[in-house]
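The values are calculated or read from the model by the stated rules, or taken from the named source; none is laboratory data. Remember, it's a predicted structure, so these values are computed and weren't measured experimentally. Positions of Cβ are backbone-derived with ideal geometry, glycine not excepted, and every protein chain shown enters the neighbour counts.
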Amino acid sequence: MNQTARTICLATTIILLSGTETEAGPKPATSTYKALNPVTQENLTVFPIVTNGVHDTSNFLTLDEGLRSGAVVVTEQGGSPGMVRPRPPRNGPTGIWEDHPIPPTRLPRQGAQVNRLVLTNNSDRPLILLAGEIVTGGKQDRVVGKDRIVPAKSEPVDLGVFCVEPHRWVETSARFGGLGFAIAQPSVRLAAMAKKNQQNVWDQVARSKMSVADAVPAPAAQALAETSSYAKTMESGAVQERVDKVAAPIERSYETLMNELRSQKAVGAVVAVNGQIVWADLFASPSLLEKYWPKLVRSYATEAVSAWPGRIKWGSAPSVGEAQRFLDDFEARRETVESEPGVYRNTELMGPDFDAFVLTALLPNTGFDVHIAKMRQ
């Protein structure tokens, strides 16, 4: 069956969990993860996470790799004709997606939309997209709204995104590039992944830009006030200098620690800002973490700069035990599972004080969790 003829099913199931005796859907194997002693710089604390349960992720392509090589192309919706994988219609008032195959439909030639881009993966490797990755260009800069996997040699995919550049709607380039040095900071990722609301994303971008501007010298802060672009704010030399002051020592300490513990496999981090655990990123392999780590550590540092102690009370760093408990607690009250059969499954676990997202690969010879993101609400 050729690519045009094959059918796609994108199904979402909502499951309510009542008590500990009822279990439904996939659970991350968090018991295999272990938090190590942290490294701290200013108000940022990072706990390296190790595990023995690693997987082969060498066949996966990252967005940065795909954009640099030209094998992955991102355009505004109206700029890419072809077949797309649509979301199926909602099934009545329950809001649950219909669970049956739906043929791909041709992407209409209509105007660009704030929350929709089109991505084509022309490579012979499946592409990983992480929520929070920023693409710049087009009529506005956007941030990827959820983790997902795009198959190799895909037809154009309707990509859900959020704008991180309000007030601009003028095309700067027909295609998008990546913001290669950073992923959006955790608070922006939280707004996109858990809130799933454009206004919440804009509000958080505005707060983050204001907080970062407060942490740099006055002349630079004045220049930042003149742009609505989150990406341009993060690209500012003054902001990068301030972020690197926090990120660089963390990055060096993490690498030194893991070199000393080479027998243990580092696959992620638990992150605390101002003494409060706020985030965790976990990957299927050390090599996959290594690809994202330079961007991730700067996103964590940006969060720390945004929450500098002059604005928020700076508490003492959490203990390793607190980080481990954050890793181990995935008891969800509500669960949503979205899947593209044979490609990926994205599970959202909603607990009393956290949201967690588990991206599971369903491609041949996979069946493992590629990325887990957990955030404190």
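When the range 180-224 is filtered for residues that are under 20 Å from L44 (Cα atoms) and acidic (D, E), only D214 remains. Just one of the listed residues (L257, L289, L190) is on the phi < 0 side of the Ramachandran plot, touching a residue at least 24 places away in the same chain (Cβ under 8 Å), buried (at least 23 other Cβ atoms within 10 Å of the Cβ) and assigned to a helix (DSSP H, G or I), namely L190. Could you check, for the range 311-330, whether at least one of its residues is under 30 Å from A215 (Cα atoms), of a type outside the set (A, V, I, L, M), part of a strand (DSSP E or B) and in contact with a helix residue (DSSP H, G or I) (Cβ under 7 Å, 6 or more places away or on another chain)? Within the range 311-330 (the criterion being under 30 Å from A215 (Cα atoms), of a type outside the set (A, V, I, L, M), part of a strand (DSSP E or B) and in contact with a helix residue (DSSP H, G or I) (Cβ under 7 Å, 6 or more places away or on another chain)), the answer is no, since none of the residues qualifies. The requirement of being more than 16 Å from L190 (Cα to Cα), among the hydroxyl-bearing types (S, T, Y) and either out of contact with any Gly (no Cβ under 6 Å at 6 or more places or on another chain) or modelled with pLDDT of 85 or more (or both) is satisfied by S319.
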